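The values are calculated or read from the model by the stated rules, or taken from the named source; none is laboratory data. The shown structure was predicted, so the numbers you read here are calculated from the model rather than taken from an experiment. Here the Cβ is made from the backbone with ideal geometry for all residues, glycine too, and neighbour counts use every protein chain on show. Ligands, DNA and RNA are excluded from the accessible area calculation, which covers all protein heavy atoms including side chains. Shrake-Rupley method; radii C 1.70, N 1.55, O 1.52, S 1.80 Å.
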Amino acid sequence: MVKPKLTGVDSDGNPYVVTADTALQDPKNMRRATLKNVDADLTQKGGKWTTIIAPNGWMDADAKFVRLTGAVSVFTDDGFEMHTTLANVDMARGTAVGPNFVWGHGPQGKFYANHFRIARLGSACMHGPKTAHAAKSAKPTKQMTTKSVLPVCAALPAGQVAQKQKPMIYLIGNVHMTLYPQKSAKKAKKAKKA
């Protein structure tokens, strides 16, 4: 097939579109195909979007599942960009999991980690699990140091609650982040000097 396109909605009614340059259908199951130059777009009801592109992929249209391989790139409308070599996308749930090393950047800084997960969740930025990285005053425990999970998300203004449909990016495993200096911190320093 040339220029195949799969469209649908996930379990919450959010639309998705998967396109490719070519698809070679599985002769035993015509709803499965090997894809070349894949583009998977997931859109949330509030207008938020995530795009994942890769040179190679495999799709099961009945299961609403896409496996992307090669130089996989993930982009979000919040300004995040991630790169990895494998992403498993569950179009029905609107989630993506990357079990391989991931690196990228966003509005807050640069990062890399052992793997990642993108999911539609609530306010994980505000109420996420305490980890060795997130809680300086906590004494490290085996659970904290062996598996750290950090959400990567923009800070919310005071009093604002995170929306359920906002895609959350979780960095998992050995996580390293380099944060960019905040503009408000620079303004505060200038005000103190004056």
Pairing a residue in the range 60-80 that is under 19 Å from K28 (Cβ atoms) with any residue that is open to solvent by 40 Å² or more (accessible area, probe 1.4 Å) and of a type in the set (K, R), where Cβ atoms lie under 6 Å and the two sit 6 or more apart in sequence or on different chains, gives D60/R32; A61/R31; D62/R31
Is one or more of the residues making up the range 123-138 open to solvent by 80 Å² or more (accessible area, probe 1.4 Å), modelled with pLDDT under 90 and under 16 Å from the mean Cα position of the chain (by Cα)? no
In the range 1-51, anything in a loop (DSSP other than H, G, I, E, B) and open to solvent by 60 Å² or more (accessible area, probe 1.4 Å) is listed as M1, K3, S11, P27, K28, K45, G46, K48
Looking at (1) out of contact with any Cys (no Cβ under 9 Å at 6 or more places or on another chain); (2) not in a strand (DSSP E or B), which one does D78 not meet, given that it meets all the others? (1)
